[in-house]
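The structure under discussion appears below in the form of structure tokens.
Rule-based calculations on the coordinates, nothing more; no lab input. Here the structure is a predicted model, which is why all the values come from computation and not from measurement. When we count neighbours, we look across all protein chains shown, and the Cβ atoms used for this are built from the backbone with ideal geometry, even at glycine.
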Amino acid sequence: MRNIRLSSRPHHCHRLRLCVRQHTFKTIVPVRHASTATAVFFPGQATESQGMLAPLLRHFPTITREGLDAVSEALHDDPELPTIIRLLTTKDDNDDKRLVHRTAIAQPCILLSSIVTWRILRDRCADLSSSGDTVYFGHSLGQITAFAAAGAISLVDALKIVRQRGLAMEQVISDNDVSAPSKYGMLAVPIKQPIPEFAARVRDCEQRLRSNGTLAPDQIIDLANLNSPGQVVLSGHVAALDKLGAEMGLRRSRNLPVRMPFHSRLLRGVESRLREAVNAAAVKMPPAPPATRFLRNSDAQEIATADDIRESIVSGCWDSVDWVRSVRRVEDWGVTRWIGVGPGSAVTTTLVERSLIASRRHEIVAYDPMKIGTAWDTIVAAL
């Protein structure tokens, strides 16, 4: 149970303080920050919607148009560039409701919207530029966004990479017809037992279904995302996920609005094409001080070199996302200030909150321009 209190009183840069204590209420109130280590994190796919740049273009036209110029430069010879621009800037085109969820379109749209939001936030909040060390990380696609936000990859190169990433995924599973049902998907499962115990149950159930012939040898089920201590996501063939869910009695599980088996072995076929796109990009570790740190979200290991960045982008397509361990590793580094940025960051912020050890006070804020009630509203109100 949470008691959430959001102040509508605007000031230069509103923040939210999340007081995390066991067996007590959690109250969110606006505060100002002293210089401290900060974690900035970005959302992955399934956060897309039509017109993701529309509110940014309306209130912050200069920075947003710079973002549109970047996507035009990155995809200047791409026949779907006009479609991507339209989906970014237009909210009410009913013909595009399904098209915006196509992987090769959704990924550059989400990345660009997140980066523009970050640039506006950085420009509007003076204490961000004077803060101490910063950890940049993200959920799946958000990891690439984090590299671009920190300056390890240019925005143009990042857009090229995620466009090729999405096209390669569609090619591997032969899925670019959004009007037809997909054979692949992801299943979000709420759990009450520890993640290792649930993972063992999944493996045992899968083995049983294979041994009795219920699952075909080529039907894949993988543990894709460890989102929080109370939620995991399975990935693979929809038919296999349905059979597993029925056998295990996963009544409260839900299918995610994606058509891809993200973070499953089914996507290993993207490696060649994606590696070519990554190798064509200029990648560097940002200079210090203040220090910029990165985290690979598959195993929560720190990324220390440009080659590490390249490898994490490539393998990040099929490696699982261990969000719980990633958040706790960042917490171990002494971070108590957490900033979620971009469309869908309100949801990702909740996953951060649920994954923290909660041994001390944490300040957590979501700047989600597509969701009313986040700290983004106070930046707009201050105009």
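By how many nm would the segment from Q301 to R208 lengthen if fully extended, with 0.36 nm per residue of separation less the alpha-carbon distance? Intermediate results must be reported in sequence, preceding the final value.
Working: separation 93, 0.36 × 93 = 33.48 nm, distance 3.38 nm.
This chain segment gains 30.1 nm when fully extended.
Provide R273, R265 in ascending order of the number of other Cβ atoms located within 10 Å of each residue's Cβ, fewest first.
If I rank by nearby Cβ atoms, fewest first, I get R265, R273.
Roughly how big is the stretch 184-258's charge dipole about its Cα centre, with Cβ charges of +1 (Lys, Arg) and -1 (Asp, Glu), in debye to the nearest 20? Walk me through the intermediate numbers first.
Details: 9 positive and 7 negative charges, 52 e Å.
Dipole of the stretch 184-258, to the nearest 20 debye: 260 debye.
May I ask for log10 I(q)/I(0) of the stretch 184-258 at q = 0.14, 0.17, 0.27 Å⁻¹, from a Debye sum over the Cα atoms as equal point scatterers with solvent left out?
Those come out to -0.38, -0.57, -1.43, one per q.
Let's see if you can work this out: charge +1 on each Lys and Arg Cβ, -1 on each Asp and Glu Cβ, no other charges. What is the dipole magnitude of the chain about its Cα centre, in debye to the nearest 20?
Values: 48 positive and 40 negative charges, 314 e Å.
Using Cβ point charges on Lys, Arg, Asp and Glu, the chain gives about 1500 debye.
Note the direction-averaged projected area, equal to a quarter of the hull surface, for the Cα convex hull of the stretch 271-362, in nm².
7.0
Give me the number: length gained by fully extending E66 to R201, i.e. 0.36 nm times residue separation minus the C-alpha to C-alpha distance, one decimal in nm.
Contour length minus Cα-Cα distance gives 43.7 nm.
Using a 7 Å offset from the Cα along the Cα-to-Cβ direction at both R273 and R361, what is the distance between the two label points in nm, to one decimal?
Label at R273, label at R361, 5.0 nm between them.
Positive end of the charge dipole of the chain (Lys, Arg +1 and Asp, Glu -1 on Cβ, about the Cα centre): tell me which of V335, I221, V283 has its Cα farthest that way.
Among V335, I221, V283, the one farthest towards the positive end of the dipole of the chain is V335.
Taking the radius of gyration and the Kirkwood hydrodynamic radius from Cα positions alone, what is the Rg/Rh ratio for the stretch 226-283, to two decimal places?
1.12
If you plug each phi of the stretch 60-77 into the Karplus form 6.51 cos²θ - 1.76 cosθ + 1.60 with θ = phi - 60°, what whole-Hz ³J(HN,Hα) values come out, in order, with x for Gly and Pro?
Couplings: 9, x, 5, 5, 5, 5, 4, x, 5, 4, 5, 5, 5, 5, 5, 10, 4, 9 Hz.
I'm checking a number: the convex hull volume of the Cα atoms of the chain, normalised per residue, in Å³. What is it?
137
How do 160-168, 213-221, 68-76 rank on mean C-beta neighbours within 10 Å, highest first?
160-168, 68-76, 213-221
Show that you can apply the helix-only estimate: for the chain, add -39,500 (n - 2.57) for every DSSP H stretch of four or more residues, divide by all residues, and state [θ] at 222 nm to the nearest 500.
Helices in the chain give a 222 nm mean residue ellipticity of -12500 deg cm²/dmol.
With θ set to phi - 60°, apply the Karplus curve 6.51 cos²θ - 1.76 cosθ + 1.60 along the stretch 190-199 and write out the HN-Hα couplings as whole Hz, x wherever there is a Gly or Pro.
Per residue, the Karplus-derived 3J(HN,Hα) values read x, 10, 10, 8, x, 4, x, 5, 5, 4 Hz.
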